[in-house]
1. The conditions are (1) within 21 Å of S30 (Cα to Cα); (2) under 12 Å from the mean Cα position of the chain (by Cα), and T111 fails exactly one of them. Which is it?
2. Quick check on segment 61-80. Is at least one of its residues among the aromatic types (F, W, Y) and touching a Lys or Arg at 6+ places or on another chain (Cβ under 8 Å)?
3. Among the helices (runs of 4 or more DSSP H) lying completely within segment 128-178, list those that include at least 2 residues that are closer than 19 Å to S34 by Cβ and of a type in the set (S, T, N, Q).
4. Return the residues of segment 134-167 that are farther than 16 Å from Q8 by Cα, touching a residue at least 40 places away in the same chain (Cβ under 8 Å) and surrounded by 15 or more Cβ atoms within 10 Å (Cβ to Cβ); say none if nothing qualifies.
5. Do you know which residues across segment 27-67 are of a type in the set (S, T, N, Q), touching an Asp or Glu at 6+ places or on another chain (Cβ under 8 Å) and crowded, with 17+ Cβ neighbours inside 10 Å?
6. Return yes or no: is S76 in contact (Cβ under 8 Å) with a residue 12 or more places away in the chain, at negative phi and not charged (D, E, K, R)?
7. Can you tell me which residue within segment 68-97, out of those that are closer than 22 Å to N33 by Cα and polar (S, T, N, Q), is surrounded by the fewest Cβ atoms within 10 Å (Cβ to Cβ)?
Amino acid sequence: MLDQAKTQLMIIDVQGKLAQIMHQKESLFSNLNSLARAAILMDLPIVWVEQIPNKLGSTIQEIASELPNRKAMAKSSFSAWGESAIRDSIDSNKKQILLVGIEAHICVYQTAMDLLAQGFEVHLVTDAISSRTAENKALAIQRLAREGATLTSTEMALFELQKVAEGDQFRALLTLIK
């Protein structure tokens, strides 16, 4: 089970024109927004990365605007783990990683594989990842599940983190998912 004290959110490469051609982009962006706002609400660390932003562009405004006072970290390796600055930004005491972003079959997949190899629990938020085609997304999900990633959805993960249906945080969370 996800635990707020042990969880961090990693957002992979939701940037530029590439983000605009993702399969089911509207629901992808909506779920990413909910997860970013919930991570801030729950005070979860957020690791936010961009693939060669000088060539692919910055994170789309719909997502970047939900991450005030934070800065994306650039990478050139497909796996975020391949960059030492990103590795150093990952809280090694928080072993549960909610993994989201694009493309599922490239950067999300390779990052997840590396995180699993390092002993992290990867919780793949399947409605907050995408690829240009549904087939590539499905293949990434299938492979990662077989390799040990836990499959979840935005609502499933957020309610699992919340645990109880009471308090200010719960009421605020409800506004994020409606």
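Any read-out appearing in this document is the output of simple, stated calculations on the displayed coordinates, not a laboratory observation. The structure displayed is predicted, hence computed values, not measured ones. Every residue, glycine among them, receives a Cβ derived from its backbone with ideal geometry; neighbour counts consider all protein chains shown.
1. (1)
2. No, that holds for no residue.
3. Helices (runs of 4 or more DSSP H) meeting the threshold: 154-162, 167-177.
4. K137 - this is the single residue of segment 134-167 that is farther than 16 Å from Q8 by Cα, touching a residue at least 40 places away in the same chain (Cβ under 8 Å) and surrounded by 15 or more Cβ atoms within 10 Å (Cβ to Cβ).
5. Once the filter is applied, which keeps residues that are of a type in the set (S, T, N, Q), touching an Asp or Glu at 6+ places or on another chain (Cβ under 8 Å) and crowded, with 17+ Cβ neighbours inside 10 Å, segment 27-67 yields N31, N33, Q51, T59.
6. Yes: the conditions hold for S76.
7. Selected residue: N69.
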